Amino acid sequence: MKKIAAVLLSTSLFLSLLPTSALAQEAKPNVTRGEVVEFLLNAADDYNPGIKKEDILKGYDKGDAHEDQEVSRIEALIMLSRAFSDLPEPKGNDLRIANISVSFTDVPKWAQDEIAKLVAAGILSGYPDGKLGVSDHITKEQLIMLTNRIMALEGSNPRDDYYEYVNKKWLNDFKIPAGELANAVFYELAKTNEDRIKAIIDDHVKKGNPAGS
């Protein structure tokens, strides 16, 4: 019994010396209002030239911006909408993957216009209960994810989303063939080759399969 107790004691001491990250994943920190605006100023510069800090971050009643305060989800989304002021209408593939009819039950009246703009662009998704979670805090990773969605929708800057930049016209124009679940460039190339081979075979059949064909 004493040996078991000694083992347990030494084990507990060893675990107490381990860093927290070795026992559990460290929670991702929330971002502040000031951090959000600085991030968005850099991210939106190519899409909204001349955007300024005061265009994104508005103060409270007494003019205090509370830049050190952790930002709520609704505040971050409002600043995101202001930073990318004119969002294009989703088309083609963007429209297929977006949910532009989503609605939220917890958006305050003062924020409804800005949130409606993000919804129309297909940027937002909420919780299964129909809420956006307006009072929740937001992490840097979540902010980056939302910004990347806008950059993909824009598709105008190769530095931010090279795939969308190169393929934007095709992604906007392509249609999913009847009976297929999806489409892609390789699907279209395969279909083009099949049509060419069929045309060659049909041509030979019409000519009665001449010798050496």
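A short reminder: the numbers here are calculations on the coordinates, not readings from a lab. Remember, it's a predicted structure, so these values are computed and weren't measured experimentally. In this analysis, Cβ positions are derived from the backbone assuming ideal geometry, glycine residues included, and neighbour counts consider all displayed protein chains.
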Charge tally for neighbours of K117 with beta carbon under 13 Å away, counting Lys, Arg as +1 and Asp, Glu as -1, is -3
Length gained if K52 through Y163 is fully extended, taking 0.36 nm per residue and subtracting the Cα-Cα distance, is 37.1 nm
Cβ density ranking, 10 Å radius, fewest first, applied to W170, W110 yields W110, W170
Within the stretch 137-170, the residues whose backbone N lies under 18 Å from a label point placed 7 Å from the Cα of V102 along the Cα-to-Cβ direction are 137-154
Listing V31, V205 by rising number of other beta-carbon atoms within 10 angstrom, fewest first, gives V205, V31
Relative to the compact-globule estimate 2.2 N^0.38 Å (N residues), the Cα gyration radius of the stretch 33-166 stands at a ratio of 1.03
A correct fewest-to-most ranking of R96, R73, R196, R149 by other Cβ atoms within 10 Å would be R196, R96, R73, R149
The pairs in K91/K131; K58/K117; K91/K169; K91/K117; K53/K140; K175/K206 lying past 21 Å Cα-Cα in this model are K91/K131; K175/K206
So for R0 = 41 Å, FRET eff. of A190-E70 from the Cβ-Cβ r, to 0.05, ends up at 0.20
